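The values are calculated or read from the model by the stated rules, or taken from the named source; none is laboratory data. What you see is a predicted model, and the numbers here were worked out from it, not measured in a lab. Reconstructed Cβ throughout: ideal geometry from the backbone, glycine too, with neighbour counts over all protein chains shown.
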Amino acid sequence: MATPCAQIVDEAVTPWYHCVSRCVRQAFLCGEGAEHRKVWIEHRLKELVSIFSIECGGFAVMDNHIHLLLRLDSGRMEAWSDVEVARRWAALFPLRDVAGKPLPVSGERVSQLAGNPEWLAARRKRLVNLGWFMKCLKEPLARMANKEDGCSGAFWEGRFKSVAVLDEASLMATAAYIDLNPFAAGSAPSPEESAHTSLRARLDHCRQTGILETVRDELSTQTHDPAQEAGLWLLPVADERAHGGSDRPGLVAGCTLSVYLRLVDWTSRLVREGKASMDAGSISVFDRLNLDAEAWETTVTRLFAMSRPSGSHFGDAVRLAEAARTHGRRWHRNQFRRVPHVIRPVA
């Protein structure tokens, strides 16, 4: 029996969710000459992050499916004024001219929408709702693709699969798994050359801002340049809130972009033939992040062995049990529940 959506998407348990959506019949509708649709998806994702109170910590756009690592932030939404909510919704669903092109959002329309309390209350909830986010991502892209192909009908297979990510180790494993998807599928020669991934977006941002040279081995110096990901639309790798570096959340405290690159590099060897070699630098990464290397290898290997995510919740046994009790259940199904990860809840 499937787990009800209300028992999967629960920000009180975790704000992080791994979402997967596949093209209908798993056809390569974003590949084989239609690779430009991956650009559509990436641009639309960036646009929605600027409107919703939902942040993106990772993504990979494949030929026949997409992976997203999303973070709900209802606290930020609650701080928005009524006018801000109306402005965001008007930008999400703009009025259009006779040719179907969106019109600029007028102050008059925003004021009119902001004067309706019931309407505002409903839109506030939608702007931090995972289902609405995925609908607004997928539906316009399906219409564009169908128009291009001169056809009608479903573009996406069902709604989407979401897996609640409960602890920091599972969050890091999910992020690495998503970034390594094109490389694991054989569509890129190396992880950093994989197009349409969050890893590539982070590196391209560093190149464009001229600070790529700062992404170096920080394991011995313990230095970190916050400018590496400043201004990037994705959530940064490093969560600096505890140190007063930024009010914006990141993936994990203590994990800089350089550390994450080293972790992804070592993990990429697990999906090749043969066993990955553990050099001194990789050992330092696991020590710094307080991760168990054997547990990490087991978890990531199982992730790549699956055709799709298993279960509705992903985390340590303790966190899975806590989430189940919160929802009045005896347990939440997931084959990873016995892996001995670090069990710090994610914030």
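Would you point out which residue out of Leu69, Leu92 is modelled with pLDDT of 95 or more, within 21 Å of the chain's Cα centre (by Cα) and in the same structural domain as Ile41 (by TED's automatic domain parsing)? Show your work before the answer.
On the way: Leu92 fails: in the same structural domain as Ile41 (by TED's automatic domain parsing).
The match here is Leu69.
Quick check on Lys101: is it in contact with a His (Cβ under 6 Å, 6 or more places away or on another chain) and more than 16 Å from Leu127 (Cα to Cα)? So Lys101 fails the test.
Among the residues that make up the range 104-113, is at least one of them of a type in the set (S, T, N, Q), part of a loop (DSSP other than H, G, I, E, B) and surrounded by fewer than 16 Cβ atoms within 10 Å (Cβ to Cβ)?
Let us first name the residues in the range 104-113 that are of a type in the set (S, T, N, Q), namely 106, 111-112.
Within this subset, residues satisfying the condition of being part of a loop (DSSP other than H, G, I, E, B) are 106.
Filter again for surrounded by fewer than 16 Cβ atoms within 10 Å (Cβ to Cβ), leaving 106.
Yes, because at least one residue in the range 104-113 is of a type in the set (S, T, N, Q), part of a loop (DSSP other than H, G, I, E, B) and surrounded by fewer than 16 Cβ atoms within 10 Å (Cβ to Cβ).
Which of the residues that make up the range 149-187 are in contact (Cβ under 8 Å) with a residue 40 or more places away in the chain, in a helix (DSSP H, G or I) and more than 18 Å from Phe286 (Cα to Cα)? Within the range 149-187, Ile178, Asp179, Asn181, Pro182, Phe183, Ala184 meet the criteria.
Would you call Pro15 surrounded by 18 or more Cβ atoms within 10 Å (Cβ to Cβ) and either within 23 Å of Val237 (Cα to Cα) or without any contact (Cβ under 8 Å) to a residue 12 or more places away in the chain (or both)?
Numbers: surrounded by 18 or more Cβ atoms within 10 Å (Cβ to Cβ): yes; either within 23 Å of Val237 (Cα to Cα) or without any contact (Cβ under 8 Å) to a residue 12 or more places away in the chain (or both): yes.
Answer is yes for this residue.
The single condition among (1) surrounded by 15 or more Cβ atoms within 10 Å (Cβ to Cβ); (2) modelled with pLDDT under 65 that Asp292 does not meet is (2). What number goes with the only condition from (1) surrounded by fewer than 16 Cβ atoms within 10 Å (Cβ to Cβ); (2) free of Cβ contacts under 8 Å to residues at least 60 places away in the same chain; (3) over 16 Å from the mean Cα position of the chain (by Cα) that Cys30 does not pass? Going through the list (1) surrounded by fewer than 16 Cβ atoms within 10 Å (Cβ to Cβ); (2) free of Cβ contacts under 8 Å to residues at least 60 places away in the same chain; (3) over 16 Å from the mean Cα position of the chain (by Cα), Cys30 breaks only (1). Of the residues making up the range 245-264, just one is touching a Pro at 6+ places or on another chain (Cβ under 6 Å) and assigned to a helix (DSSP H, G or I), namely Val264.
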